[in-house]
Structure formats: C-alpha cells, structure tokens
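J.: Before we start, here is the structure in question, set down as structure tokens.
All of the numbers you see were taken from the coordinates with simple rules; none came from a lab. Remember, it's a predicted structure, so these values are computed and weren't measured experimentally. Neighbour counts are summed over all protein chains in view; Cβ atoms, including those assigned to glycine, are modelled from backbone coordinates with ideal geometry.
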Amino acid sequence: MRRTAVLLTSGSLFGLAIPSFLLVAWLLGSASGVVGAAILPPPGQVVATLLAMADSGELVQALVATVSRLAIGFLLGALAGTVLGALCGASALARRLLDPSIQALRSVPSLAWVPLFILWLGIFESSKICLIAVGVFFPVYLNLLGGIAGVDRKLLEVGTVHGLSRAQALLRIQLPAALPSYVTGLRSGLGLGWMFVSAAELLGASSGLGFVLDDGEQTGRPERILAAILLFGLCGKLSDVALAAVGGRLVAWQDTVRR
Amino acid sequence: MAIALQVAGLRKSYADMPVLGPIDVGLAAGSISVVIGRSGCGKTTLLRCLGGLETPDAGSVTAGGAALRRESVGYVFQEPRLMPWLSVARNVGFGLAAWDPERRDRAVAAALDRIGLPDAGQALPKQLSGGMAQRVALARGLAPEPDLLLLDEPFSALDPFTRAQMQEHLLHLHRAYGTTIVLITHDMDEALVLADRILVMRGGHGVPGHIAADLAPALARPRRPADPLLSNWRASLAGLLSES
Ligand SMILES: Nc1ncnc2c1ncn2[C@@H]1O[C@H](COP(=O)(O)OP(=O)(O)O)[C@@H](O)[C@H]1O
Ligand SMILES: [Mg+2]
C-alpha cells in the first residue's frame with residue numbers, strides 16, 4: 001500500500017496527473033454539453049483541426065514561419081547579449097560606460113518598442129525579429145555579466161598565483177565559472193523569444209502560429225486558437241528541453257543536488 | 001634555482017586594524033621554514049604577503065635584493081580551490097599551460113602518481129573527498145617546480161597516515177629540487193618533522209602577528225615523531241606556544 005503510493009508519487013509520470021484530470025474534465029464537459037462548443041470546442045475537434053492543418057500544408061508553413069523568426073531573433077539577441085555581457089564582465093571600464101544605459105533600456109517594457117520598430121523597419125520581418133532579439137538580449141546579457149562578476153574570488157586567486165593575465169583569467173576562470181548562469185540566461189532568453197514571437201505575429205503577420213491565433217479570433221474559430229496554443233506550448237517545451245540538454249552537458253561538472 | 005628570501009619591516013592591517021608586523025626575517029635558499037602559531041595570529045596574512053596576494057602596508061619581500069618573480073613562486077592554499085569544471089589532471093596541469101603538451105602530460109602523470117592518485121586524472125573535483133582534493137591542490141602547486149613554495153596548512157585535511165606520506169613526498173621533492181619552502185601548520189609534530197627552522201608566531205585579539213621565537217631544531221633526518229630527541233623539542237615548542 002505504502003510502496004504503491006511511493007511508486008506513484010516518485011515517478012516522472014506523477015506530473016501528468018493534473019493535465020490528465022483536466023483533459024478528462026474537458027472531454028466530459030464537452031460531451032455532456034455543459035461547456036458550449038463556441039466557448040471551448042471538444043478535444044476531438046482541436047485534433048481534427050490540427051490534422052486538417054497538417055493535411056493542407058498550413059501547419060508546416062506556420063511552423064516554419066514562426067520557428068525561423070524565432071531562430072534568427074534568438075541568435076541575434078543571444079549574440080549581442082553574449083558579446084556585451086562578456087565585454088562588460090571583462091572590463092570595468094566597459095561596464096561603467098555601457099551597463100547604466102543597458103539597464104535604463106531594460107526598464108522599458110519590450111513591447112513598448114513595437115511602434116518604433118515598425119516605423120523604422122517596416123511591418124514585415126525586420127521589426128518582428130528585432131523585437132524578439134531585444135527580448136532575448138536582456139536575460140542573456142544579465143546572466144552572463146552576473147556570472148562573470150560573481151565568480152569566486154578564491155578561484156581568481158589561483159589564477160593570480162599562477163601568473164595569469166587579465167585576459168587569461170577571463171578565459172580560463174571567469175567564463176567557465178559563468179557557464180551555468182549563462183545557460184540559465186539562454187534558457188530564459190529562449191522563453192522570452194517564444195513570448196515575443198507570438199506577440200509580434202499577433203500584432204500583424206500573414207503567416208506563423210501567431211497569425212493562426214489572430215485568424216482564429218477574427219473568424220470566430222476557437223478550435224484554431226486552441227490548436228495554435230497547443231503548438232506554441234509543444235514547440236516551446238521541445239526547444240527548452242533541447243537547450244537544457246545541451247546546457248546540462250556543458251555544466252555537468254557542477255556539484256548540485258539535482259539538475 | 002632555489003632563492004633566499006628577505007622580509008623587512010612587513011606590516012599589514014585590515015580596515016585600520018593592524019593584524020601583522022613588523023616582520024623582519026631572512027630565509028636561507030633551499031631551507032624549510034615552518035610557521036606555527038594559534039589560529040588567528042596572522043599566519044595566512046604573512047604567507048599571502050609573501051606570495052603577492054596582499055599588498056603590505058609597509059615593508060618589502062625580496063629575493064637576492066630584487067623583487068620576487070611571480071613565475072618562481074608556488075602557492076598551496078588552505079582549501080583545495082580546484083576548478084570544478086576541469087578534470088583532476090587538468091587541475092594539476094593548471095600552471096603548466098606554457099609547457100609543451102607532451103612534457104605537461106608526463107609531469108601531470110608523475111604528480112598524480114606521487115600523491116597516490118594515479119588513476120584519478122579523468123575524475124571531476126566533485127567526485128573527490130576533501131583529503132583527495134587537498135592532495136590534488138598540492139600536486140598543482142608542486143607541478144611547475146617553483147623555486148619558492150608557500151604552503152598554508154596543506155596537510156590539515158588529511159588523515160595521519162596520508163599526512164605522513166605527503167610530508168615524505170614534500171621532503172623528497174625538496175631534496176630533488178632544493179626548493180625554498182615556507183609551510184604553515186598548527187601541528188607541532190609536523191613542524192618538528194619538516195623544519196630546518198621554526199618560526200613561532202603570536203598575535204590576535206588586537207595584537208598584530210609577530211615572530212615570537214625562532215628555532216632551528218638540530219635533528220638528524222629522517223625524523224620520526226617518536227624519537228626522544230624530538231620529544232624534547234616538542235616540550236619546549238609546546239611551552240612557547242602556550243605562553244601568551
Ligand atoms: N580579509 C580580511 N579582512 C579583515 N580581517 C582579516 C582578513 N583576513 C584576515 N583577517 C584577520 O586577520 C587576523 C589574522 O588572520 P589570519 O592571517 O587568517 O590568521 P591565521 O592564518 O593565523 O589563522 C585575524 O584576526 C583575522 O580575523
Ligand atoms: Mg590561516
């Protein structure tokens with residue numbers, strides 16, 4: 001009795017308990033007519049919508065549009081965050097010069113830039129990618145800088161007694177020590193990237209998952225909205241798992257209880 | 001080339017609180033000096049000043065009239081301070097980046113052998129016990145074959161048997177390279193087994209650390225803690241340490 005309880009609650013499947021319950025409630029609610037199809041269409045209809053989208057090629061097209069926007073925006077934002085984070089981490093001069101301005105920009109909610117980006121870069125791809133890159137930039141920059149600045153002074157002293165130059169200490173001690181924090185930054189950056197790609201596409205796009213969301217609203221088809229939400233969630237989770245797996249390998253040396 | 005060390009008028013304070021000095025002492029080239037004293041009397045501060053990790057408020061540390069050169073000094077900290085992302089072998093070779101890889105690999109393998117961890121090269125620091133990690137840190141300090149070796153309680157985390165082995169290892173290295181050694185301990189037997197010269201430090205509680213006694217135990221090597229001659233020295237050392 002006790003043993004079964006332990007088995008049930010210790011497995012990774014335990015986390016599926018609440019989603020399964022909600023799915024069953026959703027199925028029953030739809031089947032019994034308690035929940036109207038105009039509010040929440042039955043699961044079967046959402047699946048059918050997904051299949052139809054796959055059949056017509058719309059699914060692949062939307063995924064490709066969204067994922068490529070995200071990928072380009074993420075790479076640009078992460079690159080800028082990495083370069084500036086490393087620069088400010090390495091040089092106190094650069095930090096004193098750049099960090100106050102970056103911190104000031106950070107206090108502007110990223111979505112507030114949208115009108116300006118549209119004016120400057122047009123309504124098409126550039127402004128969307130720019131918004132995503134801005135969203136990704138900040139967590140990458142902040143975590144890398146924090147990781148470099150937070151390196152244990154005791155380890156830096158090991159560099160000192162071995163005669164390491166500033167540049168060598170950065171390369172051989174500070175950057176590796178900052179790696180766990182950097183991976184965290186990349187993961188939160190990716191999460192924000194998904195958030196901003198959906199926002200950018202909602203605000204005006206003719207392709208992508210966000211467009212499917214918007215289209216579902218305009219045409220009053222909640223099953224399309226739910227299908228797009230499902231895809232967003234799935235893709236977001238998959239990309240995070242992939243990044244966490246790569247990052248986890250890089251920081252496997254960490255002596256933590258659980259990764 | 002072993003180096004002689006001259007320390008003159010060395011003082012250090014933290015936040016206007018004097019913790020060390022003045023220290024005036026000359027250490028002969030190729031000698032083993034052991035600094036012994038109670039916790040908080042300023043031993044680590046002295047060693048950090050010698051190793052260039054602290055800038056003294058006054059005084060100088062010179063080798064043959066010239067400033068100490070960074071490359072000629074090895075330092076082993078009181079804690080292992082291994083880089084957690086590097087394998088044991090890479091930690092041991094940390095100070096050998098400028099060596100050619102083949103020579104480095106040989107030096108690392110030999111160092112691991114001598115500290116009794118020949119098969120631990122690929123392990124990560126998190127897999128080591130405290131004593132193992134401290135031995136790896138010792139190997140890292142010894143590997144570059146420094147002219148002057150500064151050791152801050154390097155064996156205090158080791159069990160008595162391993163401790164004796166590591167002392168033996170240090171003496172062996174000293175015979176081979178003639179390295180000038182300054183070692184901190186709070187263990188009287190360790191001081192008496194190793195030292196050509198014992199510097200007894202006093203200080204703490206507002207009194208800046210200073211050298212209260214300077215002994216040269218005339219004992220034949222190899223030394224054994226059980227040796228009755230050594231016991232006499234231990235008694236006088238205990239007397240010096242308990243005075244305050
Ligand atoms: N970084 C520091 N800042 C302020 N006080 C310090 C610092 N390091 C050491 N001290 C003080 O200096 C004194 C000597 O310390 P230390 O040299 O570490 O002693 P020991 O190594 O003999 O135990 C102690 O009173 C300690 O509190
Ligand atoms: Mg100490």
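J.: For the protein assembly as shown, with only Lys/Arg (+1) and Asp/Glu (-1) charged at the beta-carbon, what is the dipole magnitude about the Cα centre, in debye rounded to 20? Please report the intermediate quantities before stating the final value.
T.: On the way: 42 positive and 37 negative charges, 91 e Å.
The dipole of the protein assembly as shown has a size of about 440 debye.
J.: Then there is this: If the range B:1-126 were replaced by its equivalent ellipsoid, with semi-axes equal to the square roots of 5 times the Cα gyration tensor eigenvalues, what would those be, largest first, whole Å?
T.: On the way: eigenvalues 209, 66, 35 Å².
So the equivalent ellipsoid measures 32, 18, 13 Å along its semi-axes.
J.: I've got another one for you. Rounded to the nearest 0.05, what FRET efficiency do residue A:47 and residue A:250 have when you use their Cβ-Cβ distance and R0 = 41 Å?
T.: Numbers: r = 38 Å, r/R0 = 0.92.
So, using R0 = 41 Å, E works out to roughly 0.60.
J.: When Rg is the radius of gyration of the Cα atoms in the range B:1-63 and Rh is its Kirkwood radius, what does Rg/Rh come to?
T.: Details: Rg = 11.8 Å, Rh = 12.2 Å.
My calculation puts Rg/Rh at 0.97.
J.: Specify which residue in the list A:59, A:213, A:158 is farthest towards the positive end of the charge dipole of chain A, using unit charges on the beta carbon of Lys, Arg (+1) and Asp, Glu (-1), about the Cα centre.
T.: In chain A, that residue is A:158.
J.: Specify the residue with the greatest mean-square fluctuation among A:192, A:63, A:238, computed from a Gaussian network of chain A linking alpha-carbon atoms under 10 Å apart.
T.: A:238
J.: Around residue B:211, what is the net charge, scoring Lys/Arg as +1 and Asp/Glu as -1 over all other residues with Cβ under 15 Å from its Cβ? Please report the intermediate quantities before stating the final value.
T.: Values: positive: B:11, B:12, B:38, B:43, B:197, B:202; negative: B:24, B:214, B:243.
Cβ neighbours under 15 Å give a net charge of +3.
J.: Over 24 Å, how big is the tail of the calculated P(r) for chain B, in percent of all Cα pairs? Mind dumping the intermediate values first?
T.: Working: 13721 of 29646 pairs.
Here the tail beyond 24 Å accounts for 46 percent of pairs.
J.: Rounded to the nearest Å, what's the spacing between the alpha carbon centres of the range B:90-159 and the range A:127-153? Just the number, please.
T.: 36 Å
J.: Something else: Can you compute the equivalent ellipsoid semi-axes for the range A:21-61, i.e. the square root of 5 times each eigenvalue of the Cα gyration tensor, sorted largest first and rounded to whole Å? Please list the in-between numbers first.
T.: On the way: eigenvalues 122, 20, 9 Å².
One finds semi-axes of 25, 10, 7 Å for the range A:21-61.
J.: Under 9 Å from the Cβ of residue B:201, count the other residues' Cβ atoms, weight Lys and Arg +1, Asp and Glu -1, and hand me the total.
T.: Working: positive: B:38, B:43, B:202; negative: none.
So the surrounding residues net to +3.
J.: Another question, then. Determine the distance separating the Cα centre of the range B:19-79 from the Cα centre of the range B:162-178; give it in Å without decimals.
T.: When both Cα centres are located, 21 Å separates them.
J.: Lysines near residue A:154 by alpha-carbon distance under 29 Å, same-chain residues fewer than 8 away left out - which ones?
T.: Leaving aside lysines fewer than 8 places away in the same chain, those within reach of residue A:154 are B:12, B:43, B:126.
J.: Could you identify which residue out of B:227, B:152, B:57 has the top mean-square fluctuation in a GNM of chain B using Cα springs shorter than 10 Å?
T.: B:227
J.: Quick one: compute the contact order of chain A, relative version, from alpha carbon pairs under 8 angstrom and 6+ residues apart, as a percent.
T.: Values: 258 pairs, mean separation 58.1, N = 259.
That works out to 22 percent.
J.: Which three lengths, in whole Å and largest first, does the range B:164-244 cover when its Cα atoms are put on their principal axes?
T.: The principal-axis extents, from largest down, are 41, 28, 20 Å.
J.: Which Cα, out of B:142, A:71, A:117, lies furthest along the positive dipole direction of the protein assembly as shown (beta carbon charges, K/R +1, D/E -1)?
T.: B:142
J.: Report, to one decimal in Å, the Kirkwood hydrodynamic radius for the range A:58-250 based on all distinct Cα pairs.
T.: 18.0 Å
J.: Of the residues B:179, B:55, B:44, which exhibits the maximal mean-square fluctuation in a Gaussian network model of chain B defined by a 10 Å Cα contact cut-off?
T.: B:55
J.: Summing -39500 (n - 2.57) over the DSSP H runs of n ≥ 4 in chain A and dividing by its residue number, what mean residue ellipticity at 222 nm do you reach, to the nearest 500 deg cm²/dmol?
T.: Numbers: 12 runs with 200 residues, N = 259.
The helix contribution divided over chain A gives -26000 deg cm²/dmol.
J.: Additional query: With unit charges on the beta carbons (Lys and Arg positive, Asp and Glu negative) and the dipole taken about the Cα centre of the protein assembly as shown, which residue among B:62, B:156, A:183 sits farthest to the positive side?
T.: B:156
J.: Ok, one more. What's the whole-number percent of alpha carbon pairs in the range B:119-179 lying beyond 19 angstrom?
T.: Numbers: 594 of 1830 pairs.
Tail of P(r) above 19 Å: 32 percent of Cα pairs.
J.: Using the Cα centre as the reference, give the magnitude of the dipole from point charges on the C-beta atoms of the range B:1-110 (Lys, Arg: +1; Asp, Glu: -1; all else neutral), rounded to the nearest 20 debye.
T.: Working: 12 positive and 9 negative charges, 32 e Å.
Rounded to the nearest 20 debye, it is 160 debye.
J.: Kindly provide the pair-distance distribution of the range A:1-89 built from C-alpha pairs, with 5 Å bins from 0 and whole-percent values in order of increasing distance.
T.: Histogram of Cα-Cα distances, whole percents per bin: 3, 11, 9, 10, 9, 12, 13, 11, 10, 7, 4, 1, 0.
J.: How many Å³ per residue does the convex hull of the Cα positions in the protein assembly as shown occupy?
T.: Values: hull volume 119.7 nm³, N = 503.
It is 238 Å³ per residue.
J.: For the range A:58-250, what is the charge dipole size about the Cα centre, in debye to the nearest 20, if Lys and Arg each add +1 at the Cβ and Asp and Glu each add -1 at the Cβ?
T.: Working: 14 positive and 11 negative charges, 164 e Å.
Once rounded to the nearest 20, the dipole reads 780 debye.
J.: Follow-up. If you wrap a convex hull around the Cα atoms of the range B:149-194, how much volume per residue is inside, in Å³?
T.: Hull volume over Cα atoms, normalised by residue count, gives 64 Å³.
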